[in-house]
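The values are calculated or read from the model by the stated rules, or taken from the named source; none is laboratory data. Here the structure is a predicted model, which is why all the values come from computation and not from measurement. Note that each Cβ is placed from the backbone with ideal geometry, even for glycine, and that neighbours are counted across all protein chains shown. To get the accessible areas, we keep the full protein, side chains included, count just its heavy atoms, and leave off ligands, DNA and RNA. Shrake-Rupley method; radii C 1.70, N 1.55, O 1.52, S 1.80 Å.
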Amino acid sequence: MKNLFKLFSIIIVIIASNSYCFAAEKVEYLKTDWSFKGLFGKFDRASLQRGYQVYTEVCASCHSMKYLSYRNLAEQGGPEFSEAQAKAIAASFEVIDGPNSDGEMFTRPGKLSDKFVMPYDNVKAAQAANGGAYPPDMSVLVKARGGGVDYIYSLLQGYEEAPSNVSLDDGVYYNKYMYGNKIRMAAPLSDGLVEYGDGTNASVEQMSKDVTTFLMWSAEPHLEARHQMGFKAIVYLIILTVLVYFSMKKIWSRIESEV
Amino acid sequence: MSDHDYRPKSKVGQWFNDRLPLLTLANHLTDYPTPKNLNYWWTFGGILTFCLITQIVTGLTLAMHYIAHADMAFESVEHIMRDVNYGWLIRYIHANGASMFFLAVYIHIFRSLFYGSYKSPREIIWILGIIIYLLMMAAAFMGYVLPWGQMSFWGATVITNLFSAIPLVGEGIVTWLWGGYSVDNPTLTRFFTLHYLIPFLILGLVVLHIWALHVPGNNNPVGIDIKKPSKDTVPFHPYIVIKDGFALLMFMIVFAFFVFYAPNILGHADNYIEANPMVTPAHIVPEWYLLPFYAILRSVPDKLLGVVAMLSAILILAVLPWLDTSKIRSAVFRPLYKQFYWILVADVLILGYVGAMPAEGLYLLIARVATAYYFLHFLVILPVLGFKEKTLPVPLSITEPVLGGSPNLAAARNKESKIE
């Protein structure tokens, strides 16, 4: 038992040292109760749908989401729009297709199988439109930032007046959660910026939470399936381990040695 | 392998076995006499075999969907995560499997260090193990490059650049490794090829490793030679099979926890940003299992000497059987060595910790002291200890008490049995 304890303390030290190293410059992030955390964590469907609304009405004007397709919006474990709703969403976007039989490119309404339409044609165009800064693709943004959802959630609410000792260039804003505190994105949210269909009050805090939930789903679309399978797998393993333990005891009882 | 007089019962079995003695092999493997006092630290050999097979099976599946091209690799990984049926599961098992593999191999190596398993007559097993470990590091490093994220790209740049420290030909070698003048598509495709190849080399070496083990048989916690088969041994099947199985299941629970509930905790967030040669990440850090060596590399101010120190830190293990001059294998009967052993464990953990920290100020100082101690342990403490240390009396067999009934055996057995 003592040795097992040693083993586990070694594992914990390794994990702690690993995660600690990315926490070195961390400020205290704002916390909220994420429904998708924990053993049985699931997405809040309504929050995902509101989050999509914030994304598409606010973020999508600069940020692409190139790994998602419109069909994903209707898939299980996501915002779960009905298929008709997802089709309507897709059709509201113009997609460039082709070449047709005349060799011409043409535009048509989006279909479920189309990827999310990108706001800019290429990285250069995006930079040109944003003062040289490239708005990162949002598909896996939550996993690409050390603080994850808490970081994104805080950043969206972290805009404030720059302290007097910090001078900001044109088009640069002060954000207390941003690495280095300087950010090229103006505060994207303000109270009542979107009008939620379900009547939820669109405060900055609420919108931040909704859109971050949506980004978590876009980064981990199979999160719910993973949690469900994980619980079953671990329960199965524990039962099997107990059974094998007693079998082992029984087998080893034939010889006078402890196991 | 002394049990060659086995004859299958059936006629067909005999006919087959006379032509290809696979049944003799199977019989050897099931009857293989194993010391009955092996504790749970001895179960990691089986766990490692499981890890290797898991990595090969999941890796083959991933390779069916992955595209080794600088413009498509990142996207193809996202395709696996999103659109391939259970692709997320296979990839998370593979990515976390690498960490689990290293966790198990470190326990396996440190078990060997504690019980002196590397000593005569098991030097070849040990050296084969070191080669396997080196290949594992190569495979893991190249595997980490394949998703073509920021840490993939910059990790590859940093590590391949180490070769430029070689005088005269260094730069040429780096260009040759890259297949160009920077890490780019040719680098990715060759890393993919080698990442695919190495596990099968490891598999071959594992067969040799086990073969070499089956010549002298297992070491054991008491560290004495035992008669085989005898009252001190049990047949591998069913006794060791079920015990290894139980330990493997415990290990799989930990494994499953990472895969299902913390699949990205052991990775670096920057690797979810697609590789960009124009942007360098703030901190370039390797995966956790390479951190101690990274700390040694950075603790030496000179680049060439740093690379030499890092390589020596691994290669010094290969000559360990000759550096350790003690006749006694198990640390149970070596009171001084036991203390130095735990200091070494702490030293390596400290190296791992500072390896993750920026190489400056206090961290750099700690890294230097820990690096110096690491080499001191192997080059000075171990050789001297063999001559100076007053060891405890060793029992003559596992079952029989020592002549005159030494209290230490009772102490030793008591200690071992506490593990469960």
- Message: Among B:His69, B:Phe101, B:Asn85, whose Cα projects farthest towards the positive end of the dipole of the range B:2-121, with charges put on the beta-carbon of Lys, Arg (+1) and Asp, Glu (-1)?
- Response: B:Phe101
- Post the alpha-carbon centroid distance, the range B:308-370 to the range B:379-399, in whole angstrom. 19
- Note on the structure: HN-Hα couplings for the range A:28-41 via Karplus (6.51, -1.76, 1.60; θ = phi - 60°), in whole Hz with x for Gly/Pro, come out as 5, 7, 5, 10, 8, 8, 7, 6, 8, 8, x, 4, 10, x
- Item | Dimensions (Å) - the range B:263-403, Cα atoms, principal axes, largest first | 71, 37, 26
- Message: Quick query: amide H of A:Asp97 versus all other amide H atoms, modeled in the peptide plane; which residues come in under 5 Å with a sequence gap of 5 or more or a different chain?
- Response: A:Phe106, A:Thr107, A:Arg108
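Give the average, rounded to an integer, of partner chain Cβ atoms located within 10 angstrom of each Cβ in A:231-238. Write down the numbers at each step before the final one.
Working: counts 3, 1, 8, 7, 0, 2, 9, 4.
Per residue, the number of nearby Cβ atoms from other chains is 4 on average.
With a 1.4 Å probe and every protein chain left in place, work out the accessible area per residue of the protein assembly as shown in Å², rounded to a whole number.
For the protein assembly as shown, the per-residue accessible area is 48 Å².
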- Whole Å is fine, so just give me how far the alpha carbon centre of the range B:144-159 lies from that of the range A:81-111. 37
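Charges at C-beta only: +1 for Lys and Arg, -1 for Asp and Glu. How large is the resulting dipole of chain B about its Cα centre, in Debye rounded to 20? Display every interim value, and only then the final one.
Values: 27 positive and 25 negative charges, 330 e Å.
With only Lys, Arg, Asp and Glu charged at Cβ, the dipole is about 1580 debye.
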- Note on the structure: Any residue on another chain or 5+ positions along whose placed amide H is under 5 Å from the amide H of B:Thr34 is listed here as B:Val234, B:Phe236
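Counting every Cα pair in chain A, what percent are over 34 Å apart? Don't skip to the end; give the middle numbers.
On the way: 11832 of 33411 pairs.
Percentage above 34 Å: 35.
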- Note on the structure: Placing +1 on each Lys and Arg Cβ and -1 on each Asp and Glu Cβ in the range B:59-197, then taking the dipole about the Cα centre, the residue among B:Ser120, B:Phe192, B:Ser182 whose Cα reaches farthest towards the positive end is B:Ser120
- Nearest-ten-degree value, helix A:45-57 long axis tilted from longest Cα axis of chain A: 30
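I want to verify the translational diffusion coefficient of the range B:1-85 in µm²/s; compute it with Stokes-Einstein, Rh as the Kirkwood radius over Cα pairs, at 4 °C and 1.567 mPa s. Present the calculation step by step, with values, prior to reporting the outcome.
Values: Rh = 17.4 Å.
My calculation gives 74 µm²/s for D.
Taking each pair of distinct Cα atoms in the range B:124-277 once, what is the resulting Kirkwood hydrodynamic radius in Å?
Working: mean 1/r = 0.0520 Å⁻¹.
Over the range B:124-277, the inverse of the mean reciprocal pair distance is 19.2 Å.
With a 1.4 Å probe and every protein chain kept in, tell me what percent of the accessible surface of the protein assembly as shown is carbon plus sulfur.
Details: 21190 of 32660 Å².
Roughly 65 percent, rounded to a whole number.
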- With θ set to phi - 60° and the Karplus curve 6.51 cos²θ - 1.76 cosθ + 1.60, what are the ³J(HN,Hα) couplings of the range B:318-329 in order, to the nearest whole Hz, using x for Gly and Pro? 5, 9, 3, x, 9, 7, 7, 8, 6, 7, 8, 7
- Under the Karplus relation with 6.51, -1.76 and 1.60 and θ = phi - 60°, whole-Hz ³J(HN,Hα) for the range A:159-168, x at Gly and Pro, equal 6, 8, 4, 5, x, 4, 7, 10, 9, 10
- Task: Could you run the Debye sum over the Cα atoms of chain B, one equal point scatterer each and no solvent, and tell me log10 of I(q)/I(0) at q = 0.08 Å⁻¹, two decimals?
- Result: -0.52
- Message: Going by amide H atoms built from the backbone, whose H comes under 5 Å of the H on B:Gly149, apart from near neighbours?
- Response: B:Ala275
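Please compute the net charge surrounding B:Leu177, taking Lys and Arg as +1 and Asp and Glu as -1 over other residues with Cβ under 15 Å from its Cβ. Don't skip to the end; give the middle numbers.
Working: positive: B:Arg190; negative: B:Glu171, B:Asp184.
So the environment of B:Leu177 carries a net charge of -1.
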- GNM top mover of A:Met105, A:Met216, A:Met207 - chain A, alpha-carbon springs below 10 Å: A:Met105
- Kindly provide the helix-only [θ] at 222 nm of chain B, computed as the sum of -39,500 (n - 2.57) over DSSP H runs of four or more divided by all residues, to the nearest 500 deg cm²/dmol? -20000 deg cm²/dmol
- Task: Keeping all protein chains in position, work out how much accessible area A:Met118 exposes to a 1.4 Å probe, and write it in Å² to the nearest 10.
- Result: 90
- Item | Summed buried accessible surface, chains A and B, 1.4 Å probe, nearest 100 Å² | 5500
- Task: Give me a single rounded figure for A:67-74: the average over its residues of other chain Cβ atoms within 10 Å of their Cβ.
- Result: 2
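If you place +1 on the Cβ of every Lys and Arg and -1 on the Cβ of every Asp and Glu, how big does the dipole about the Cα centre of the range B:1-58 come out, in debye to the nearest 20? Spell out each step's value before the answer.
Numbers: 5 positive and 4 negative charges, 33 e Å.
Dipole about the Cα centre, nearest 20: 160 debye.
By accessible area of protein heavy atoms, probe 1.4 Å, what ranking do B:Ile80, A:Ile238 get, highest first? Intermediate values should be presented prior to the final figure.
Values: B:Ile80 5, A:Ile238 80 Å².
Descending order: A:Ile238, B:Ile80.
What net charge do the residues around B:His209 carry, taking every other residue with its C-beta under 13 Å from that of B:His209, with Lys and Arg at +1 and Asp and Glu at -1?
Numbers: positive: B:Arg122; negative: B:Glu123.
Result for the local shell: 0.
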- Note on the structure: chain B, Gaussian network, Cα under 10 Å: of B:Gly155, B:Gly245, B:Gly361, the residue fluctuating most is B:Gly361
- Between B:Glu123 and B:Met278, what is the label-to-label distance in nm when each label sits 7 Å out along the Cα-to-Cβ direction? 5.7
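For the range B:138-192, what Kirkwood radius comes out of the mean inverse Cα-Cα distance, in Å?
Values: mean 1/r = 0.0898 Å⁻¹.
Its Kirkwood hydrodynamic radius stands at 11.1 Å.
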- Query: Going from the alpha-carbon gyration tensor of the range B:68-150, what semi-axes, largest first and in whole Å, does one get by taking the root of 5 times each eigenvalue?
  - Reply: 35, 14, 8
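Could you give me D for the protein assembly as shown, from Stokes-Einstein at 20 °C and 1.002 mPa s, where the hydrodynamic radius is the Kirkwood radius over C-alpha pairs? Units µm² s⁻¹, please. Present the calculation step by step, with values, prior to reporting the outcome.
On the way: Rh = 28.5 Å.
For these conditions, the coefficient is 75 µm²/s.
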- Helix A:204-219 sits at what angle to the longest principal axis of chain A, using alpha carbons and giving 0 to 90 degrees rounded to 10? 70
- So what are the radius of gyration and Dmax for the Cα set of the range A:64-154, in Å? 16.0, 51
- Item | Inter-chain shielding of A:242-253 (mean C-beta neighbours from other protein chains, 10 Å cut-off) | 4
- Note on the structure: Projected onto their principal axes, the Cα atoms of the range A:155-219 stretch, largest extent first, over whole-Å spans of 43, 26, 16
- Message: Once R0 is set to 60 Å, what does the formula 1/(1 + (r/R0)^6) return for the Cβ-Cβ distance between B:Phe375 and A:Lys182, expressed as a FRET efficiency to the nearest 0.05?
- Response: 0.85
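Accessible area, 1.4 Å probe, largest first: how do B:Ser330, A:Ser167 sort? Can you show the working numbers first?
On the way: B:Ser330 0, A:Ser167 90 Å².
Listed by decreasing accessible area, they come as A:Ser167, B:Ser330.
Output the DSSP H helices from chain B with an along-axis C-alpha extent of no less than 24 Å and a mean Kyte-Doolittle hydropathy no less than 1.0.
B:44-63, B:123-145, B:185-214, B:241-261, B:335-355
Just to confirm a number: summing +1 for Lys and Arg and -1 for Asp and Glu over residues other than A:Gly110 whose beta-carbon lies under 15 angstrom from that of A:Gly110, what do you get? Kindly include the intermediate steps, with their values, before the conclusion.
Working: positive: A:Lys66, A:Arg71, A:Lys87, A:Arg108, A:Lys111, A:Lys115; negative: A:Glu83, A:Glu94, A:Asp97, A:Asp114.
Around A:Gly110, the charge tally is +2.
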- Task: Under a 10 Å cutoff between Cα atoms, tell me which one of A:Asn165, A:Asn175, A:Asn130 has the largest fluctuation in the Gaussian network model of chain A.
- Result: A:Asn165
